[in-house]
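Bear in mind these aren't lab numbers, they're just calculated from the coordinates by the rules spelled out. The structure presented is a predicted model; accordingly, all values stated were derived computationally and were not measured. Cβ atoms come from the backbone with ideal geometry, glycine included; neighbour counts cover every protein chain shown.
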Amino acid sequence: MANRTVQIRAWALSGGIAALVLGTALALAVQAKGVGLHPADWAALRFTLMQSALSTLLSCLLAMPVARALARCTFWGRRALIVLMGAPFLLPVIVAVLGLLSLYGRNGLLNQMFQALGLPTVTIYGLHGVVLAHVFFNLPLATRMLLNGWHAIPAERFRLAQTLGLPSTFRHIELPMLAAVLPGVGLSIFLVCLTSFVVALTLGGGPAATTLELAIYQALRFDFDPGHAALLAGVQFAVCAVAVSLAARFTTVEGLGLGLDRAPVGQKAHWVDVPVLALAALFLILPLVAVVADGLPALLHLPALVWQAALRSAVMALVAAGLSVTAALILVQAKVAGAPLVEGAAMLPLATSGLVLGTGLFVLSRAFVSPEALALPVTVLVNALMALPFVFRLLLPQVRDLHRNYDRLAQTLGLSGGARLRWLTLPRLARPLGLGAGLAAALSMGDLGVVALFAGQDQATLPLVVQRLSGAYRMDQAAAAALVLVMASFALFALCDIGGRRAAP
Amino acid sequence: MKSFHLALAFVSLAPMAMAQTPVLTVLTYDSFAADWGPGPAIAKGFEQTCACKVAYVTAGDGAAVLSRLQMEGAGSTADIVLGLDTTLTESARATGLFAPLAAQAPNDLPVPYTDATFEPFDWGWFAFVYDNTKLTTPPKSIKDLAASNLKIVIEDPRSSTPGLGLVMWVKAAYGDQSAQIWKDLADNIVTVTPSWDAAYGLFLKGEADMVLSYTTSPAYHLIAEKDATKSAAAFDEGHYMQIEVAGKLASSKQQALADQFLAYLASDAAQSVIPTTNWMYPAKTPVAGLPDGFETLIKPAKSLLLSSVKAEAGRKAAVEEWQTELSK
């Protein structure tokens, strides 16, 4: 019975997501003037695939030693480091790019050092710059997802391995975990990079670094060809579908039984962990320091509307996070219980172009209400939708474990419905739920997204205010407002993340 | 019976409608309507003369304004569309959504400009802006720049109106040789950004020696920040112009009010607001003259501008040429 309700709810939700994501694209597709991709579109597709694949590969490769080091080292400030290292993923894109340029730019710290040493300077602009920025954004995500995987390995397994004298805990315990978690991590990163466009263009150095998303932007803005935009969005969906099914194929389900929540033991820190963590922390935190340094001077001279917008954005972000986590939990539980297609629906928002989604919603909704009336609710909805894939991914491996290890017990005890949620699901999943909510809140906070298409004069969110300030020469104030944004995103993230960990058994 | 009810309804609604202040909706770009833009002052000034309210509805930039209008079509809630430039006016005209202007306001543009549908409210020359403490001998032409080792940041013509302006500039100055100019410029271009603010931000960060902006950009630094270190380089080929216009929608139910607004927009009161809020030249020089500081700006001897028809006809090919040459 309970199982059926879960399934029905998940189906309805999946249908809603698919309708929203595909319906908006369809709303544009019906205006198509002709079908067919231009040669420039093929070039954009090639570049998009190449940079996404490279960024994914590198992010995953680097995340493994970092997450492993974090999992087996205990030191003062470890939790703070984990939270802080998550920050880059939450930065608004252009803020992050400017932060990276403070280090690697033409006039950045690195080149200043090279010059002082009499070495030739390096340029960040090009494919390598794009990949560098994407790794900067996604390494934290990958690390967190893998770290959760390591945390989910019961300590008993390492003990057992020690007792049995297994030569390699990596091969027998950690590798199966990686095989279960990595495809999902890679998929998430690949899809994030797939729709990148500000990073790709700005750091790519020129139009050779054109992604599909930019082609969509062009189709909608200057060519006003919604049909072509929808076609390009269709290509993006197709790539997403291939990626989702590939990831599903390579995901193995591990199953070695549950543990008793003992503190992890038996995984001794290795000397390699120290330099790995130091380098990762430097790589991820230095650009943040630059963002703070850029923003500080004008922080006290911000107009009142910045603070109003910050409050508005924070409230919206929390609502979006609540929606996103609820939806993800429903979908993940259904997926684990064996419902097909649910995963596809959950990943779909990642493949959609924000611009297509926003424009489609605009076209569809304006027949009924004025766009301004909808600006804030639509933004919350879209933000919840955009965060869903990440929250889904975070929850999936752990819900799978929960289901496998506790489902029978719960059934034996007759634990179902609200009681099961209250006594089993929520406490067991507190960690990933907190992390997921924090991620969703912070992503929503920093997302410029659709609000730019809908907002009236007095409904500006903080990212929109940042953009408006920098569009009016007020770069200092824009940098300060961006700092407020970063701090607010971070506070929301930390609040949820730490809350989740406190609530965990 | 039915008509009686209808009549009754009208009688009871009429006083309400009269009591309601009419609202004039202006579709414009973000930075026009922003607190620090010209929008609030112009709205306030107009509201004192019209017994009405002005409401701004915004989109990211001129191109976004047009794209939003195209989405809304004849059902647009806007009365006025403000902030298109001459590279966009032909597409805008082709939508058939605009009504002809009621009156032609006189303007002081450096080139003759009249349009039956669109009223210019400000304009500027595109220019490469540099830091005069770091660059003491700026290039004297686009060719000079292309031959130099200077690094520049430009905006993408596929997503930004200044970016498109530069493509038109090269086209207007060099015609059939424009491909060669882009070929020569390629090694000067550090990167291409999606929007003006990203390019300007990169320049201020020291990522490039020059950035594509406007001749009036140094005025912002001088007047608002008391910083005289920014200058615009004067180029021999002449400087391409951006003329920003406003028009009235045929679907507007408040044609008279819309006309009144356009007349106010061309008035001295509104035009005096433009220079230090939009950091552009007002279409009609204010009686009191331009604000102090504007006299320090370069005055290009030659203004370049493709007619809106030519700009629209050549846009696609020119952008493709830009893309091809810079992708090599």
Once amide H atoms are placed 1.01 Å from N in the peptide plane, what residues at a sequence separation of 5 or more from B:ALA55, or on another chain, have their amide H within under 5 Å of its amide H? B:LEU24, B:THR25, B:VAL26
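Using the Kirkwood formula on the Cα atoms of region B:15-119, what hydrodynamic radius do you get, in angstrom to one decimal?
Hydrodynamic radius (Kirkwood, Cα only) of region B:15-119 equals 15.1 Å.
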Using a Debye calculation, one point per C-alpha and no hydration shell, please list log10 I(q)/I(0) for region A:312-464 at q = 0.14, 0.17, 0.20 Å⁻¹ in order. -0.71, -0.93, -1.14
With Rg from the Cα atoms and Rh as the Kirkwood inverse mean 1/r over Cα pairs, region A:334-399 has an Rg/Rh of 1.09
Between exposed trypsin sites (Lys or Arg not before Pro) in chain A, where DSSP calls loop and at most 14 other Cβ atoms lie within 10 Å, what's the longest gap? A:269-505
How big is the C-alpha Rg of region A:54-147 next to the rule-of-thumb value 2.2 N^0.38 Å, as a ratio? 1.21
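Pick out, in residue order, every one of the chymotrypsin sites (Phe, Trp or Tyr not before Pro) in region A:413-505 that is DSSP loop and has at most 16 other C-beta atoms within 10 Å; say none if there are none.
Working: sites: A:TRP423, A:PHE454, A:TYR473, A:PHE490, A:PHE493; in loops: A:TYR473.
Here no loop site has a sparse enough neighbourhood.
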Measure out, as a whole number of angstrom, how far apart the alpha-carbon centroids of region B:109-143 and region A:28-101 sit. 38 Å
Long-range amide H partners of B:VAL192 with built H, under 5 Å: A:GLY205, A:GLY206
Summing -39500 (n - 2.57) over every DSSP H run of at least 4 residues in chain A and dividing by its residue count gives a helix-only mean residue ellipticity at 222 nm, to the nearest 500 deg cm²/dmol, of -25000 deg cm²/dmol
For chain A, what are the DSSP H helices with axial Cα length of 27 Å or more and mean Kyte-Doolittle hydropathy of at least 0.5? A:2-29, A:39-72, A:127-152, A:175-194, A:226-250, A:273-295, A:304-336, A:371-413, A:475-503
In whole Å, largest first, the alpha carbons of region A:275-383 cover along the principal axes 48, 46, 23
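Would you compute, from DSSP H runs of 4+ residues alone, the mean residue ellipticity of chain B at 222 nm, taking -39500 (n - 2.57) per run and dividing by the full residue count, rounded to the nearest 500?
It comes out at -12500 deg cm²/dmol, rounded to the nearest 500.
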In the protein assembly as shown, what cysteines have no partner Cβ closer than 4.7 Å? A:CYS60, A:CYS73, A:CYS193, A:CYS240, A:CYS496
Among A:ALA503, A:GLY15, A:GLY165, whose Cα lies farthest out toward the positive end of the dipole of chain A, if unit charges sit on the beta carbon of Lys, Arg (+1) and Asp, Glu (-1)? A:GLY165
Relative to the longest principal Cα axis of chain B, at what angle does helix B:161-174 sit, 0 to 90 degrees, rounded to 10? 50 degrees
With the dipole of chain B worked out from charges on the C-beta (+1 for Lys and Arg, -1 for Asp and Glu) around the Cα centre, which of B:ALA317, B:GLY201, B:ALA147 lies farthest toward the positive end? B:ALA317
Students often get this wrong, so check it: of B:LYS302/B:LYS328; B:LYS183/B:LYS316; B:LYS183/B:LYS205, which have C-alpha atoms separated by over 30 Å? B:LYS302/B:LYS328
Taking the Cα centre of chain A as the origin, how large is its charge dipole in debye, to the nearest 20, when only Lys and Arg (+1) and Asp and Glu (-1) carry charge on their Cβ atoms? 1340 debye
So what are the three principal axis dimensions of region B:221-328 from its Cα atoms, in whole Å, longest to shortest? 52, 44, 24
Binning at 10 angstrom from zero up to the longest distance, how are the C-alpha pair distances of region A:411-505 distributed in percent? 16, 30, 24, 17, 10, 3, 1
For region A:1-127, divide the Cα radius of gyration by the Kirkwood radius and give the resulting Rg/Rh value with two decimals. 1.12
Skipping prolines and chain starts, which residues have an amide H placed within reach, meaning under 5 Å, of the one on B:TYR29, given they are 5 or more residues away or on another chain? B:ALA59
To the nearest 10 degrees, how steeply does helix B:308-327 sit against the main Cα axis of chain B, on a 0 to 90 scale? 40 degrees
Among A:LEU357, A:VAL466, A:LEU90, pick out the residue whose Cα is farthest towards the positive end of the charge dipole of chain A, where Lys and Arg carry +1 and Asp and Glu carry -1 on C-beta, about the Cα centre. A:LEU90
For chain A, what mean projected area does the convex hull of the alpha carbons give, in nm²? 25.4 nm²
